[in-house]
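Q: Quick one: structure below, then a few questions.
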Amino acid sequence: TKLNVAVLFGGVSTEHEVSIVSAKSVMQNLDKEKYEIIPIGITKEGKWLLYTGKIEDLDSKWTVYSIECFISPDRTRKALVKIKDSEATFIDIDVVFPVLHGLNGEDGTVQGLLELSGIPYVGCGVLSSGICMDKAFAKKLALLEGIPQGHFLVIYQNEYLSKKDYFIRRIESEFSYPVFVKPANSGSSIGISKAKDRDDLILAINQAFYYDTKILIEEAIDAREIECALLGNDEIFVSALGEIIPSREFYSYEAKYIDNSSELIIPAKLEKQVEDEIKELAVKIYRLFECSGMARIDFFVDRKTSKVYFNEVNTIPGFTSISMYPKLMEYSGIPYSQLLDRLIELAIERNSRKQ
Ligand code: ATP
Ligand code: MG
Ligand code: MG
Ligand code: MG
């Protein structure tokens, strides 16, 4: 008998569109002999809809083919509730694969609902997702454990608004330009800028506060960008490393999705010693943040000194067939469909411990 796999896509997130592309690819690669796919879209407004169209037709106009639904938090049901002509139908769900990026999906919120529902779900749990999404918490925790990272400062919007001059002076005394300015919770580089002088900095801060009430100022590292894919609950599989060569000054939203000319190099060409150091750090970070299922951990390697810096963890990394996470796994011996099988097994395995 087939497992009913609900795939969540879209979401109330700036990464809504990216999620649709990732989810389409996941659904195309799920083994149809093993799984019954139940595609569930979440609109930008937060409405849950069962997508009834063909997977290959899934695009930004998906809501046209949809029926109202929601996952019930009732753990005696473990079900999707479909509502048509004011009648509710329950569809049993065996596992949920949230292919949601950014807020309201990668940050522990959807994971919280799924914990309540008792339904196994792919990827990190509530706390882990929340910490990895929140770059301020992640960096503070990494600091406690001596994980190497660049200098950073966390600023809250209410404090900034009442002490702008203080913060600008403080940033200029603690950092030298350029600096990176980021919303604490973000993804796909949305709201992130590289500021080269004071005017830039003020604009960058305002821009980051447009997306979040908490932001980070970071030392800009002149570095190669190296990413590592991890898979597992207790036993962790670490992929080969990949390098990103951004098409722009940094790996911005445009460089990721618009230009189509950023390059992914697999495997990254690094000295053995640096490669080992990154892989070892990646496992340490995966455990530190109590990741389960999967994560893509991103690093910087200083161009001059080869010093390794931790950048961030993505608990639901890009999942298109040309995305780094599935590509690294494929290169490392786990083709896309098998990767999905493994992620589903890991979800069920983690859930079974809690019952
Ligand atoms: P993702 O899409 O991987 O989730 P994100 O939105 O969470 O990305 P980051 O990875 O933190 O954002 O930053 C986006 C990009 O900005 C990085 O890939 C890198 O090109 C650049 N960048 C960020 N921070 C720094 C830094 N401190 N020094 C140098 N470059 C940086
Ligand atoms: Mg990220
Ligand atoms: Mg991300
Ligand atoms: Mg990143």
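The values are calculated or read from the model by the stated rules, or taken from the named source; none is laboratory data. Remember, it's a predicted structure, so these values are computed and weren't measured experimentally. Neighbour counts run over all protein chains shown; Cβ positions are idealised from the backbone, glycine included. Surface areas here come from the heavy atoms of the whole protein model, side chains and all, with no ligands, DNA or RNA. Shrake-Rupley method; radii C 1.70, N 1.55, O 1.52, S 1.80 Å.
Q: Would you check which residues across segment 292-310 are more than 30 Å from P120 (Cβ to Cβ) and either within 15 Å of ligand 3 (Cβ to nearest atom) or part of a strand (DSSP E or B) (or both) and list them?
A: Of everything in segment 292-310, those that are more than 30 Å from P120 (Cβ to Cβ) and either within 15 Å of ligand 3 (Cβ to nearest atom) or part of a strand (DSSP E or B) (or both) turn out to be F299, F300, V301, D302, V308, Y309.
Q: Applying the selection to segment 80-124, what residues are in contact with an Asp or Glu (Cβ under 8 Å, 6 or more places away or on another chain), more than 16 Å from ligand 2 (Cβ to nearest atom) and not aliphatic (A, V, I, L, M)?
A: Matches in segment 80-124: K82, K84, S117, P120.
One line per residue, one yes/no per condition, for (1) touching a Gly at 6+ places or on another chain (Cβ under 9 Å); (2) within 16 Å of ligand 3 (Cβ to nearest atom); (3) in contact (Cβ under 8 Å) with a residue 60 or more places away in the chain; (4) acidic (D, E):
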site	(1), (2), (3), (4)
E172	no, no, no, yes
P178	no, no, no, no
I192	no, yes, yes, no
D197	no, no, no, yes
I205	no, no, no, no
F209	yes, no, no, no
T213	no, no, no, no
I221	yes, no, yes, no
E227	yes, yes, yes, yes
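Q: I'm checking my understanding of the structure. Among residues of segment 151-185 that are within 16 Å of ligand 2 (Cβ to nearest atom) and open to solvent by 10 Å² or more (accessible area, probe 1.4 Å), which one is nearest to I205 (Cα to Cα)?
A: For segment 151-185, the residue satisfying everything is K182.
Q: If you go through segment 260-289 one residue at a time, how many are of a type in the set (G, A, S) and in a helix (DSSP H, G or I)?
A: 1
Q: A follow-up question, please. What is the one condition in (1) basic (K, R); (2) within 16 Å of ligand 4 (Cβ to nearest atom); (3) free of Cβ contacts under 8 Å to residues at least 60 places away in the same chain that R296 does not satisfy?
A: Among (1) basic (K, R); (2) within 16 Å of ligand 4 (Cβ to nearest atom); (3) free of Cβ contacts under 8 Å to residues at least 60 places away in the same chain, the lone unmet condition for R296 is (3).
Q: Would you list the strands (runs of 3 or more DSSP E) that sit entirely within segment 45-122 and hold 1 or more residues that are away from ligand 4 (no atom under 16 Å from the Cβ), closer than 19 Å to A295 by Cα and of a type outside the set (A, V, I, L, M)?
A: 95-98
Q: Which one of these does T14 not meet: (1) surrounded by 14 or more Cβ atoms within 10 Å (Cβ to Cβ); (2) touching a strand residue (DSSP E or B) at 6+ places or on another chain (Cβ under 8 Å)?
A: Of the numbered conditions (1) surrounded by 14 or more Cβ atoms within 10 Å (Cβ to Cβ); (2) touching a strand residue (DSSP E or B) at 6+ places or on another chain (Cβ under 8 Å), the odd one out for T14 is (2).
Q: Also, quick follow-up: Would you mind listing the strands (runs of 3 or more DSSP E) fully within segment 155-245 where at least 2 residues are within 16 Å of ligand 4 (Cβ to nearest atom) and either more than 26 Å from the chain's Cα centre (by Cα) or closer than 16 Å to N314 by Cβ (or both)?
A: Hits in segment 155-245: 179-183, 223-232, 237-245.
Q: Select, from I316, I297, I348, I344, the only residue that is in the same structural domain as K269 (by TED's automatic domain parsing), in contact with a His (Cβ under 8 Å, 6 or more places away or on another chain) and not basic (K, R).
A: On inspection, the qualifying residue turns out to be I316.
Q: Let me ask something else about it. Scanning segment 246-256 for residues that are of a type in the set (D, E, K, R) and either closer than 13 Å to S188 by Cβ or part of a strand (DSSP E or B) (or both), which turns out nearest to the chain's Cα centre (by Cα)?
A: K256
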